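Okay, structure first, notes after.
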Amino acid sequence: MKLRAAIFAVGVLSLAIYTGLGFRASQVDEPLYPSPSLSKIVRLSEYDSRLRGTRADTDVYEFGEPDGGATILVLGGTHCDEPASYIAAYLLLENIEMERGRMLIVPRTNRSAMSHKTIGEAHPPTFDIPLPNGVRPFRMGSRYTNPLDQWPDPEVFVHSPSGQELSGADSRNLNRSYPGAANGNFTGQIAFAITELVKQEHVDLVIDLHEASPEYPVINAIVAHERAMDCASMAVLDLQLEGLEFALEPSPANFRGLSHRELGDHTLTHATLMESANVSQGRLRGKTNADLVVSGLDSMYVRAAKINMTRVPYDEKGIPLKVRVGRHIAGFHKLISAFSQLNPDRAAAFTGIPTYDELQQHDLGIYLDPHDHP
Ligand SMILES: [Zn+2]
């Protein structure tokens with residue numbers, strides 16, 4: 001009897017240690033290796049001190065100097081179950097060399113959302129990207145702010161200041177919470193700090209990176225606020241000329257809380273958002289694991305595409321992470337080039353970032369190899 005109790009106690013203790021270590025790992029940021037062009041790192045709490053010391057306070061990486069060129073802001077990891085969103089931001093910050101203008105990159109925009117996973121989604125805690133020698137693990141998080149930071153959800157989330165009503169869980173969705181308010185909830189404070197950053201740094205162009213299910217209507221698209229429409233339409237034309245199918249979606253005026261709508265309305269920036277197609281967040285997917293995140297290949301979606309249930313072409317090749325990141329990187333190139341052509345006095349220029357074709361040819365690993373960043 002005593003032996004059984006002892007075995008049971010050891011089992012419980014091992015489980016507690018195992019889950020405890022897993023929880024602790026989920027609270028530590030994975031290392032990033034900024035390029036030598038880094039001029040400084042500030043915390044988001046510089047723009048709203050209420051975030052200081054919380055799980056939402058996050059690094060803002062700044063490249064280049066104020067030299068009269070454009071200031072551009074890239075937001076990755078608004079939704080931390082959309083890996084191309086933050087892997088594209090990591091790739092940019094680890095490789096960019098600014099020649100004119102300033103690049104601000106927030107790779108973990110909702111850092112609280114990276115510290116947990118959405119219950120019921122079966123997402124893996126990490127996935128590996130192959131490097132020339134070895135692999136580099138990356139974390140996967142949630143669409144929503146961690147409930148440890150904001151709880152409980154209301155029955156109905158009432159967006160401020162519009163009064164728009166959404167489901168309660170969306171009160172923890174950063175991309176329904178812009179522009180945020182000085183007295184808002186925790187997620188609204190993150191939105192408020194980003195809005196303040198855009199104002200105080202006089203950001204000319206915002207590029208908010210996302211992914212969505214292949215059956216979602218706004219997909220393989222650049223969404224643009226009215227002020228950014230010239231720039232985004234030029235970028236979409238350029239992308240199509242290079243054989244990359246992108247749709248141009250005007251930011252709906254009556255759908256509130258989204259970055260492109262509220263940053264466009266509440267600041268002077270050109271607000272854009274990009275979506276790529278990610279089966280690992282799709283409702284029709286089958287087995288969910290780290291392979292699915294990277295390969296983007298799911299047999300249920302191959303069947304769904306055959307009966308026209310997807311909004312993007314989808315076949316046995318899947319839509320791998322390198323294609324999704326490549327599309328974000330291609331859009332980044334074209335948006336900045338279009339902005340610079342339309343505003344030659346405030347042009348931005350950079351090197352070090354691969355083209356879409358280079359990324360497909362070489363894969364992601366050579367651009368994310370920590371050994372190249374001593
Ligand atoms: Zn998203």
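The values are calculated or read from the model by the stated rules, or taken from the named source; none is laboratory data. Remember, predicted model here, so these are calculated numbers, not experimental data. We place every Cβ from the backbone using ideal geometry, glycine too, and count neighbours over all the protein chains shown. Side chains are part of the model used for accessible areas, which takes the heavy atoms of the whole protein and leaves out ligands, DNA and RNA. Shrake-Rupley method; radii C 1.70, N 1.55, O 1.52, S 1.80 Å.
Among the residues of the range 308-332, write down those that are under 17 Å from the mean Cα position of the chain (by Cα) and farther than 19 Å from Gly365 by Cβ.
Gly331, Phe332, listed by residue number.
For the condition open to solvent by 50 Å² or more (accessible area, probe 1.4 Å), of a type in the set (Lys, Arg) and over 20 Å from the mean Cα position of the chain (by Cα), what is the one hit in Arg4, Arg55, Arg43? Please lay out each step first, then the result.
Numbers: Arg55 fails: over 20 Å from the mean Cα position of the chain (by Cα); Arg43 fails: over 20 Å from the mean Cα position of the chain (by Cα).
Of the residues listed, the single one that is open to solvent by 50 Å² or more (accessible area, probe 1.4 Å), of a type in the set (Lys, Arg) and over 20 Å from the mean Cα position of the chain (by Cα) is Arg4.
Report whether or not Pro147 is more than 16 Å from the ligand (Cβ to nearest atom), within 25 Å of Val323 (Cβ to Cβ), open to solvent by less than 60 Å² (accessible area, probe 1.4 Å) and in a loop (DSSP other than H, G, I, E, B). It would help to see each step written out before you state the result.
Numbers: more than 16 Å from the ligand (Cβ to nearest atom): yes; within 25 Å of Val323 (Cβ to Cβ): no; open to solvent by less than 60 Å² (accessible area, probe 1.4 Å): yes; in a loop (DSSP other than H, G, I, E, B): yes.
Spelling it out, it is not the case that Pro147 is more than 16 Å from the ligand (Cβ to nearest atom), within 25 Å of Val323 (Cβ to Cβ), open to solvent by less than 60 Å² (accessible area, probe 1.4 Å) and in a loop (DSSP other than H, G, I, E, B).
Has the range 119-138 got any residue that is within 26 Å of Arg50 (Cβ to Cβ) and away from the ligand (no atom under 15 Å from the Cβ)? Full working, then the answer.
The initial filter retains those residues of the range 119-138 that are within 26 Å of Arg50 (Cβ to Cβ), namely none.
Among the residues of the range 119-138, not one is within 26 Å of Arg50 (Cβ to Cβ) and away from the ligand (no atom under 15 Å from the Cβ), which makes the answer no.
State the number of residues belonging to the range 120-144 that are of a type outside the set (Lys, Arg), open to solvent by 40 Å² or more (accessible area, probe 1.4 Å) and under 20 Å from the mean Cα position of the chain (by Cα). Explain how you work it out, then say what you get.
As a first pass, look at the range 120-144 and keep what is of a type outside the set (Lys, Arg): 120-135, 137-138, 140-142, 144.
Within this subset, residues satisfying the condition of being open to solvent by 40 Å² or more (accessible area, probe 1.4 Å) are 120, 122, 125-126, 128, 130, 132-135, 137, 144.
When the remaining residues are screened for being under 20 Å from the mean Cα position of the chain (by Cα), the result is 122, 125-126, 128, 137, 144.
Total meeting the criteria: 6.
Go through the range 158-170 and report how many residues are open to solvent by 20 Å² or more (accessible area, probe 1.4 Å), over 20 Å from Arg111 (Cβ atoms) and without any contact (Cβ under 8 Å) to a residue 40 or more places away in the chain. Walk me through how you get there before you give the answer.
Let us first name the residues in the range 158-170 that are open to solvent by 20 Å² or more (accessible area, probe 1.4 Å), namely 158, 160-167, 169-170.
After this cut, where a residue has to be over 20 Å from Arg111 (Cβ atoms) as well, the list is 158, 160-167.
With the extra rule that they be without any contact (Cβ under 8 Å) to a residue 40 or more places away in the chain, the set shrinks to 158, 160-161, 163, 165, 167.
The qualifying residues number 6.
Run Leu237 past the list (1) out of contact with any Phe, Trp or Tyr (no Cβ under 6 Å at 6 or more places or on another chain); (2) touching a residue at least 40 places away in the same chain (Cβ under 8 Å); (3) aliphatic (A, V, I, L, M) and report the number of the one that doesn't hold.
Result: Leu237 fails condition (2) only.
In the set Leu244, Leu205, which member is more than 16 Å from the ligand (Cβ to nearest atom) and either within 29 Å of Glu62 (Cα to Cα) or open to solvent by 40 Å² or more (accessible area, probe 1.4 Å) (or both)? Give the derivation first.
Values: Leu244 fails: either within 29 Å of Glu62 (Cα to Cα) or open to solvent by 40 Å² or more (accessible area, probe 1.4 Å) (or both).
The unique qualifying residue is Leu205.
For the range 171-185, name all the residues that are crowded, with 22+ Cβ neighbours inside 10 Å and within 9 Å of Gln150 (Cβ to Cβ).
Of everything in the range 171-185, those that are crowded, with 22+ Cβ neighbours inside 10 Å and within 9 Å of Gln150 (Cβ to Cβ) turn out to be Ser171, Arg172.
With the requirement that a residue be open to solvent by 20 Å² or more (accessible area, probe 1.4 Å) and in contact with an Asp or Glu (Cβ under 9 Å, 6 or more places away or on another chain), what does the range 186-202 give you? Break it down stepwise before answering.
First, pick out the residues of the range 186-202 that are open to solvent by 20 Å² or more (accessible area, probe 1.4 Å): 186, 189, 192, 196, 199-202.
Within the range 186-202, Phe186, Gln189, Phe192, Glu196, Gln200, Glu201 meet the criteria.
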